[in-house]
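Some notes on the structure that comes next.
The values are calculated or read from the model by the stated rules, or taken from the named source; none is laboratory data. Just so it is clear, the structure is predicted and the values come from calculations on it, not from any experiment. Note that we place each Cβ from the backbone using ideal geometry, even for glycine, and neighbour counts take in every protein chain shown. Protein only, heavy atoms only, side chains kept; ligands, DNA and RNA dropped before computing areas. Shrake-Rupley method; radii C 1.70, N 1.55, O 1.52, S 1.80 Å.
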Amino acid sequence: MAYSEYWNPKNETLPREELQALQLLKLRRFCEWAYATTPFHQRKFDAAGFKPEQIKTLDDLRRIPFMTREEWMESLMEKPLFGDLLATDARNAIRYHLTSGTTGRTPIRVLDSMKDWDWINEMWCYGIWGFGVRPEDIVYFAFGYGSFIGFWGAHYACEKLGALVIPGGAQTTEARIKQIIELGVTTVFSTPTYALHLWQKSREMGIDLARESKVNKVILSGEPAGSIPAVKHQLEEAWGARCGDTAGMTEIGTIMIFECSHQPGGTHIIEDHFIEEVLNPNSDEPVGYGELGERIVTSFGRGFIPLIRYRTKDMVMKVPASTCTCGRTWDIYSGGIRGRWDDMKLIRGTNVYPRAVEAIIREYPAIDEFQIYIWRKEELQDEITIKLEIKTGHEAEWPDLEHKLTKDLASAHEGLRFNIERMDYGVLPHFELKAKRLVDARPVANY
Ligand SMILES: [Zn+2]
């Protein structure tokens with residue numbers, strides 16, 4: 001059966017002037033509504049002297065004060081559990097979720113209505129249809145179905161577009177692999193780390209996923225790695241399938257960007273439902289196409305908790321829609337989410353971004369697990385060490401690899417010297433869901 005390439009053909013190909021007119025209309029209405037309903041926004045708008053009727057062009061967006069995670073947290077602490085961010089009575093909610101606890105921070109708690117969930121699913125539909133999921137697909141969720149919002153919306157989106165959904169909840173990795181093969185699964189949803197783990201486990205079980213499974217699409221979310229070329233390449237080879245990146249946030253409830261089936265090396269922004277600004281994180285001035293900046297998101301979809309000019313600290317680079325051949329008029333984040341501004345480490349005067357280091361390490365298929373270890377030598381000098389494990393059968397490559405990797409890392413970091421340390425196999429933590437490969441062991445200054 002012939003399908004449209006787009007989930008929403010009209011909005012996905014809207015000429016940009018019309019798209020911007022739509023955004024302007026939604027922005028003004030959304031600000032009026034947030035001001036009328038949400039104490040958090042009333043307080044912030046008043047303090048900034050901003051009134052929704054000042055929104056006359058999209059540039060007026062910049063009159064609106066930023067919203068930060070810190071303010072959100074403060075509000076939660078003052079008025080548990082949800083702060084003063086709710087636009088409506090908590091009794092109208094049908095679902096509760098919270099951010100994942102991987103960073104050790106206090107989680108953000110969210111509520112959503114039925115209408116919010118319709119929208120959450122709709123956003124996922126844009127993304128997964130755009131990557132090629134169709135009613136004929138048999139989709140598998142390698143997902144825990146817990147309080148973390150994760151793939152919940154994607155699950156409903158697959159049902160909505162008519163695919164057969166297999167919720168692979170609390171099971172062992174082995175059981176999941178068996179189901180994927182036995183049920184003829186064509187599409188798998190997973191984090192990049194777990195997609196690699198599934199493949200490694202399948203090899204231990206003597207199964208070649210690329211040949212023995214029917215999987216032709218792996219849809220990734222939850223970590224930035226889905227757009228790192230070497231990781232993507234490794235996953236596509238391992239699964240014999242195309243891998244599509246998506247990214248969302250608990251603060252939004254769904255995804256705001258997705259990779260289309262043309263795979264332009266980045267992710268389209270769902271611009272009829274979000275305004276994504278890219279700003280210089282120091283000056284707060286907008287940066288142009290092709291420049292790195294911090295993404296600031298305004299989302300028009302979640303009624304329960306209006307999100308306006310939220311500072312994400314995500315590092316992105318916007319490029320025009322025409323970079324992709326799919327015909328969408330929605331701009332693209334080249335390389336997806338490239339990391340976080342607050343992940344940056346300063347080592348002897350050089351900026352080091354863990355994701356950039358990972359991208360280099362992943363160019364070496366002989367490396368299995370790794371860790372970026374930052375420490376202080378003799379209480380004086382900061383050192384960065386890459387601890388790594390070599391895959392069984394690739395040991396002979398070590399001397400050459402050590403030499404080349406040291407050189408590659410230095411040349412990407414203004415000559416900074418990285419120490420490389422080979423570990424015995426199995427010493428480093430092997431991650432199944434979300435990876436945490438950076439350890440900063442430097443002493444924290446005492447004041
Ligand atoms: Zn495209």
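At-a-glance table
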read-out	value
Signed unit charges on C-beta, dipole axis of the stretch 13-146, positive-most listed residue A21, Y140, M77	M77
Per-residue HN-Hα couplings for the stretch 62-77 [Karplus 6.51, -1.76, 1.60; θ = phi - 60°; Hz; x = Gly/Pro]	6, 6, 7, x, 5, 10, 10, 4, 4, 5, 4, 4, 4, 5, 5, 5
Euclidean distance between Cα centres, the stretch 346-395 to the stretch 180-228, Å	26
Magnitude of the charge dipole, the stretch 308-408, Cβ model with Lys/Arg +1 and Asp/Glu -1, debye to 20	780
Highest-fluctuation residue, H430, H394, H262 considered, GNM on the chain with Cα pairs under 10 Å	H394
Amide H contacts under 5 Å for R328, placed H, 5+ residues apart	none
Reach of K26 by Cα under 30 Å, taken over lysines that are not fewer than 8 positions away in the same chain	K10, K44, K51, K56, K79, K115, K160, K313, K318
The stretch 255-358 - percent of accessible surface contributed by carbon and sulfur, probe 1.4 Å	49
Enclosed volume per residue, in Å³, of the convex hull spanned by Cα atoms of the chain	161
Potential extension, H394-M423 segment - 0.36 nm per residue separation minus Cα distance	9.1 nm
Cβ-based charge dipole, the chain, positive-most Cα from I347, C260, N121	N121
Base-10 log of normalised Debye intensity for the stretch 68-117 (one unit scatterer per alpha-carbon) at q = 0.29 Å⁻¹	-1.17
Dmax and Rg, reported as Rg then Dmax, of the stretch 207-275 (C-alpha, Å)	13.3, 44
Dipole axis of the chain (+1 Lys, Arg; -1 Asp, Glu on Cβ), positive-most option in I275, Y3, S227	I275
Alpha-carbon Rg with Dmax, taken over the stretch 38-84, Å	12.3, 37
Surface/4 estimate of mean projected area, convex hull on alpha-carbon atoms of the stretch 86-241, nm²	10.0
Apportionment of accessible area to carbon and sulfur, the stretch 49-149, percent (1.4 Å)	54
Lys, Arg +1 and Asp, Glu -1 on Cβ, resulting dipole of the chain about Cα centre, debye, nearest 20	640
Å² of accessible area per residue within the chain, as computed with a 1.4 Å probe and no ligands counted	44
Fraction of accessible area attributable to carbon and sulfur, the stretch 150-249 (%, probe 1.4 Å)	52
